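Trainee: Here it is, the structure in full.
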Amino acid sequence: MKKYILIAAAIAATTLGAGAAVAGDATKGGQTFREKGCWQCHGFEGQGGSAGPRLANTQLPEDALIAFVHNSNGPMPPFSEKLVSDAQLSDVYAYLQSRQKPADPKTIPLLQP
Ligand code: HEC
């Protein structure tokens, strides 16, 4: 049974990450994203909300995201290493990278001239 879970996880990691080398665990990252309240400002899927910008498929490198969350001194409250660890943020990064990318506007008929 464990073997199948590992195989499924490997397949999920390669397909969800769209080939990107992401070290964290997207499922755990989703849990952390919800438990720590990131969703309240950034949207349940990291899609962005009235209080925080979109994070899904962020262009930020993983280290930069981790550093920002620990050290933010702007409108976002900082989350110290005690509140959310580097490992948890690696998982959050994997979760955000696994979110569906928005459709290309050129493929949406209603938006065509
Ligand atoms: C109280 C609302 C709030 C909460 C809760 C919150 N954020 Fe934010 N976040 C913001 C705002 C507002 C910004 C824009 C801040 C800025 O530009 O300085 C931001 C910016 C960010 C950025 C930088 C985005 C970029 O592209 O520059 C990251 C990464 C981020 N948040 C991650 C998180 C994570 C992970 C959590 C949960 C641990 C979290 N945030 C919780 C409000 C929030």
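Trainee: Which residues, counting only those in region 40-66, are among the aliphatic types (A, V, I, L, M) and near the ligand (Cβ under 9 Å from one of its atoms)?
Mentor: Residues satisfying the conditions are Ala51, Leu55, Leu60, Ala64, Leu65, Ile66.
Trainee: Search region 67-89 for residues being more than 8 Å from the ligand (Cβ to nearest atom) and of a type outside the set (S, T, N, Q), and hand back the single one that is farthest from the chain's Cα centre (by Cα).
Mentor: Result: Lys82.
Trainee: How many residues are among the hydroxyl-bearing types (Ser, Thr, Tyr) and within 14 Å of Ala26 (Cβ to Cβ) if we restrict to region 55-113?
Mentor: Step one: of region 55-113, the residues among the hydroxyl-bearing types (Ser, Thr, Tyr) are 58, 72, 80, 85, 90, 93, 95, 98, 107.
Remaining after also requiring within 14 Å of Ala26 (Cβ to Cβ): 58, 90, 93, 95, 98.
Residues flagged as among the hydroxyl-bearing types (Ser, Thr, Tyr) and within 14 Å of Ala26 (Cβ to Cβ) within region 55-113 amount to 5.
Values in this text are rule-based calculations from the coordinates and carry no lab data. Everything numeric here is computed off the predicted structure, so don't read it as measured data. All Cβ positions, glycine included, derive from the backbone under ideal geometry; neighbour counts span all protein chains shown.
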